[in-house]
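The values are calculated or read from the model by the stated rules, or taken from the named source; none is laboratory data. Note that this is a predicted model, so its numbers are computed, not measured. Glycine gets a Cβ as well: all are built from the backbone with ideal geometry, and neighbour counts include every protein chain shown.
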């Protein structure tokens with residue numbers, strides 16, 4: 001059985017950072033874009049996901065309990081700032097911003113092992129002696 005995606009348990013970044021993005025990513029300018037009713041105007045050129053511009057941010061599109069089970073209700077329509085945020089070790093590299101958000105919620109940093117599929121076949125690093 002494959003490990004669950006660590007992001008489906010986390011959600012810390014969605015409840016730590018402000019999610020601001022170029023206004024034209026909204027559904028009123030781009031078909032299939034970010035639902036405008038979930039955003040607020042930040043500047044003439046930027047929108048922000050509602051809830052993330054607060055002293056204690058939490059994206060209005062985030063459902064669930066941080067660190068346990070979460071999901072983005074607009075995942076296919078999320079903004080570029082969300083799509084471009086790479087959780088630690090998902091691409092083989094750490095992300096200090098991910099680690100910082102997780103720490104805020106009392107979660108340990110992700111590790112490379114969090115992304116490993118225990119069902120994937122493994123190849124020994126060294127040939128076995130005959």
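In table form, for the structure just shown:
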item	result
Residue under evaluation residue 100, criteria (1) touching a residue at least 12 places away in the same chain (Cβ under 8 Å); (2) assigned to a helix (DSSP H, G or I); (3) more than 16 Å from the chain's Cα centre (by Cα), criterion not met	(3)
Of all residues making up the stretch 42-79, the number that are assigned to a helix (DSSP H, G or I) and within 11 Å of the chain's Cα centre (by Cα)	1
Residue within the stretch 106-126 that is at pLDDT below 95 and under 29 Å from residue 26 (Cβ atoms) present	no
Those residues of the stretch 65-90 which are crowded, with 16+ Cβ neighbours inside 10 Å and either over 12 Å from residue 13 (Cα atoms) or in contact with a strand residue (DSSP E or B) (Cβ under 8 Å, 6 or more places away or on another chain) (or both), in sequence order	70, 72, 74, 77, 78, 79, 81, 82, 89, 90
Selected residue (criterion: nearest to residue 60 (Cα to Cα)) from residues of the stretch 1-17 that are at pLDDT below 85 and surrounded by 18 or more Cβ atoms within 10 Å (Cβ to Cβ)	7
Residues (buried (at least 18 other Cβ atoms within 10 Å of the Cβ) and part of a loop (DSSP other than H, G, I, E, B)) located in the stretch 23-41	33
Tally of residues being in contact (Cβ under 8 Å) with a residue 24 or more places away in the chain, within 12 Å of residue 21 (Cα to Cα) and out of contact with any helix residue (DSSP H, G or I) (no Cβ under 6 Å at 6 or more places or on another chain) across the stretch 36-48	2
